[in-house]
Amino acid sequence: MADILPDDLVLVSILKAPRDLEIARLLGWYRIPLRSAPKTMHVDWLAFYLTGAFGEAGHAVRYAAPARGFELTTRGELLRGERDHPLAAEPYYRVQIGPLEALRRPIPSRRWRRFVFLYTTGARLLAAQDLKDLRVPVWQRHDPLWRLLRERLQTQPGVEQSAPPRFPH
C-alpha cells in the first residue's frame, strides 16, 4: 500500500459475496447501484469490506484498489449472464479499478455496523485498528476528509458552483 497518500479520498465499499471479489480482482471493476450511490464517485481509492459470506475473512476491510474512473451502465450489461434478473435494467456505476492490494493488516469491525458506503482518507485507512476508526464525526469539521469531499463535489459535473455542498467547515 505504498502508493496511498494521507490526503487520498477513499471510498469504503462492501463486497457481499466471493464472486464480487473475483470480479474486482480478475476483471478490474466494481459495481454500485445508482439508487444507493455515494454523493461523489471522484475518489482516489476503493477499499473493500468483506461481509460474513467470506467466513473467517469476513467482517473486515482487507483490500484496496486505485480508482481509475467510472461509467454509467445497467446491471444487465455488467452481469451478462443475469439478463433476466429483476434489476437487469437498473442503472449502475461500473468503477474501473487497478490491481487489488491486501492491506498490511485487515481492519476488523469488532461490533456489528450497518453502512453502505463510507468515505475516509488514506491516512485513516492506513492507521485504523477498527472499522469505527475510518469514520470522521461531523463535529470534527477541520478534518481533511471534509475538505476533500467539498473539493471533489465542487469540481464534479452537475454540481452547481454557486451552491457548494453542505459539509462541516
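Summary table below
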read-out	value
Residue satisfying all of: in region 11-22; crowded, with 18+ Cβ neighbours inside 10 Å and not acidic (Asp, Glu); nearest to Arg104 (Cα to Cα) among these	Val12
Where Thr40 falls short, out of the listed (1) in contact with a helix residue (DSSP H, G or I) (Cβ under 9 Å, 6 or more places away or on another chain); (2) hydroxyl-bearing (Ser, Thr, Tyr); (3) at pLDDT 90 or above	(3)
Meets criteria (more than 17 Å from Ile14 (Cβ to Cβ), modelled with pLDDT under 70, over 15 Å from the mean Cα position of the chain (by Cα) and not polar (S, T, N, Q)) for Pro86	no
Residue in region 149-165 that is aliphatic (A, V, I, L, M), touching a Leu at 6+ places or on another chain (Cβ under 6 Å) and modelled with pLDDT under 70 present	yes
Residue in region 23-45 that is surrounded by the most Cβ atoms within 10 Å (Cβ to Cβ), counting only those that are over 24 Å from Ala88 (Cα atoms) and in contact with a Leu (Cβ under 6 Å, 6 or more places away or on another chain)	Val43
Looking only at region 66-76, and only at residues there that are exposed (fewer than 14 other Cβ atoms within 10 Å of the Cβ) and among the charged types (D, E, K, R), the one that is modelled with the lowest pLDDT	Glu71
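The values are calculated or read from the model by the stated rules, or taken from the named source; none is laboratory data. Quick caveat, the model's predicted, so the values are computed rather than measured. As a convention, Cβ positions derive from the backbone with ideal geometry for all residues, glycine included, and neighbour counts pool all protein chains shown.
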